[in-house]
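Chemist: One structure, pasted below without further comment.
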Amino acid sequence: DTGVSQDPRHKITKRGQNVTFRCDPISEHNRLYWYRQTLGQGPEFLTYFQNEAQLEKSRLLSDRFSAERPKGSFSTLEIQRTEQGDSAMYLCASSVTSGDWVNTGELFFGEGSRLTVL
Amino acid sequence: GENVEQHPSTLSVQEGDSAVIKCTYSDSASNYFPWYKQELGKGSQLIIDIRSNVGEKKDQRIAVTLNKTAKHFSLHITETQPEDSAVYFCAASTRSGSGNTGKLIFGQGTTLQVKP
């Protein structure tokens, strides 16, 4: 399978614990996005990378959240001191774009990592 | 900030009927409008998209229309089949700085049920 893969698929943790999610994008995709989706809602943008550079972070991404893409390939999203309100599906997507402003590449989504904070 | 509203939240149709889902967006600078299909246990998949330089696009049973003046766009599925049952999301891209980030703002989703 050469799609976007996310790990773990499901994580149950206690409030206050740290969790880390990993995303492996489609190879050669230079852009990688993180979204969060809660039940009955659409995905909400968290952050995105172009290669290894994190170019934008949403206000939703509090100080407890950190994302990295150290070599411009896989990415990790860490949540420190989890809260019950962090319970959601965390989605990763990747795309390839030339950077031309009119060229918006299709986003390919992974299946998501579901976080449950008890 | 950019906002996308999607209606209806649920839609039930008989197999063979048409389904229409509508979205409105707030940022007049948005120029790319994709539709994604989300099925349980699968990653969301792009089913059709439209850019702001065209008013309509069709791909077999699926079509999308865009009204830039009114800032709304719609998904039309004809001859619906049970396998069309899924959650559908509209989205709009927002630009940041000098380029197009590809960042998408999504609607709330529509759960489509096609009854055999």
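Chemist: Between A:Asp24, A:Asp86, A:Asp63, find the one with the highest GNM mean-square fluctuation for chain A; connect C-alpha pairs within less than 10 Å.
Modeler: So, out of A:Asp24, A:Asp86, A:Asp63, the one fluctuating most is A:Asp63.
Chemist: State to the nearest 20 debye the size of the charge dipole of the protein assembly as shown about its Cα centre, where the only charges are +1 on K and R beta carbons and -1 on D and E beta carbons.
Modeler: Values: 26 positive and 27 negative charges, 110 e Å.
With only Lys, Arg, Asp and Glu charged at Cβ, the dipole is about 520 debye.
Chemist: Amide H to amide H under 5 Å from B:Ser26: which residues, 5+ apart in sequence or cross-chain, H placed 1.01 Å off N in plane?
Modeler: Here the answer is B:Asn3, since their amide H atoms fall under 5 Å of that of B:Ser26.
Chemist: Further question: Could you go through the stretch A:53-63 in sequence order and give the Karplus-derived ³J(HN,Hα) for each residue, using 6.51 cos²θ - 1.76 cosθ + 1.60 with θ = phi - 60°, rounded to whole Hz, and x for Gly and Pro?
Modeler: Using θ = phi - 60°, the values come out as 8, 7, 9, 7, 10, 6, 5, 5, 7, 6, 4 Hz.
Chemist: With +1 assigned to the C-beta of every Lys and Arg and -1 to the C-beta of every Asp and Glu, and no other charges, what is the dipole magnitude of chain B about the Cα centre in debye, to the nearest 20? Intermediate results must be reported in sequence, preceding the final value.
Modeler: Values: 12 positive and 12 negative charges, 74 e Å.
For chain B, the charge dipole is close to 360 debye.
Chemist: Debye sum, Cα scatterers, the protein assembly as shown, no solvent: what log₁₀ I/I(0) at q = 0.10, 0.13 1/Å?
Modeler: Rounded to two decimals, the profile gives -0.46, -0.78.
Chemist: Rounded to whole Hz and in sequence order, give me ³J(HN,Hα) for the stretch A:3-17 from the Karplus expression 6.51 cos²θ - 1.76 cosθ + 1.60, θ = phi - 60°, writing x for Gly and Pro.
Modeler: x, 6, 10, 10, 8, x, 6, 8, 9, 10, 9, 8, 3, x, 7
Chemist: Using a Gaussian network model of chain B with C-alpha springs under 10 Å, which one of B:Asp27, B:Asp49, B:Asp59 is most mobile by mean-square fluctuation?
Modeler: B:Asp59
Chemist: What's the center-to-center distance, using Cα atoms, between the stretch A:43-72 and the stretch B:1-41 in Å?
Modeler: Between the Cα centre of the stretch A:43-72 and that of the stretch B:1-41, the gap is 26 Å.
Chemist: Another question, if that's okay. Considering the options A:Ser58, A:Gly112, B:Ser9, tell which one lies farthest towards the positive end of the dipole of the protein assembly as shown, charges being +1 on Lys and Arg and -1 on Asp and Glu at the Cβ, about the Cα centre.
Modeler: A:Ser58
Chemist: Ok, one more. Lys/Arg Cβ at +1, Asp/Glu Cβ at -1, dipole of the protein assembly as shown taken about the Cα centre: which of B:Trp35, B:Ser52, A:Phe49 is farthest positive-ward?
Modeler: Result: A:Phe49.
Chemist: Here is a further query. Taking amide H positions as placed in the peptide plane 1.01 Å from N, state which residues far from A:Ser87 in sequence (5 or more) or on other chains have amide H under 5 Å from it.
Modeler: Correct list: A:Val117.
Chemist: What list of ³J(HN,Hα) values in whole Hz, one per residue of the stretch A:66-75 in order, does the Karplus curve 6.51 cos²θ - 1.76 cosθ + 1.60 (θ = phi - 60°) give from phi, with Gly and Pro shown as x?
Modeler: The phi angles translate into 9, 10, 9, 8, x, 10, x, 10, 6, 9 Hz.
Chemist: Can I ask one more? Put +1 on the Cβ of each Lys and Arg and -1 on the Cβ of each Asp and Glu in the protein assembly as shown; which of B:Phe73, B:Cys23, A:Val19 then has its Cα farthest toward the positive end of the dipole?
Modeler: A:Val19
Chemist: Give the relative contact order (percent, whole number) for the stretch B:23-80; include only Cα pairs under 8 Å separated by 6+ residues. The partial results should precede the final answer.
Modeler: Values: 92 pairs, mean separation 17.1, N = 58.
For the stretch B:23-80, the relative contact order is 29 percent.
Chemist: What FRET efficiency, computed as 1/(1 + (r/R0)^6) with R0 = 22 Å and r the Cβ-Cβ distance, is obtained for A:Arg15 and A:Leu60, rounded to the nearest 0.05?
Modeler: 0.70
Chemist: Per the Kirkwood formula on distinct C-alpha pairs, the Rh of the stretch A:1-97 is how many angstrom? Intermediate results must be reported in sequence, preceding the final value.
Modeler: Values: mean 1/r = 0.0734 Å⁻¹.
For the stretch A:1-97, inverting the mean 1/r across all distinct Cα pairs yields 13.6 Å.
Chemist: How big is D, in µm² s⁻¹, for chain B by Stokes-Einstein at 25 °C and 0.890 mPa s if Rh is the Kirkwood radius over C-alpha pairs?
Modeler: Details: Rh = 14.3 Å.
Estimated via Stokes-Einstein, D reaches 171 µm²/s.
Quick note: the coordinates plus some simple rules give every number you see, no bench work behind them. Note that this is a predicted model, so its numbers are computed, not measured. Neighbour counts run over all protein chains shown; Cβ positions are idealised from the backbone, glycine included.
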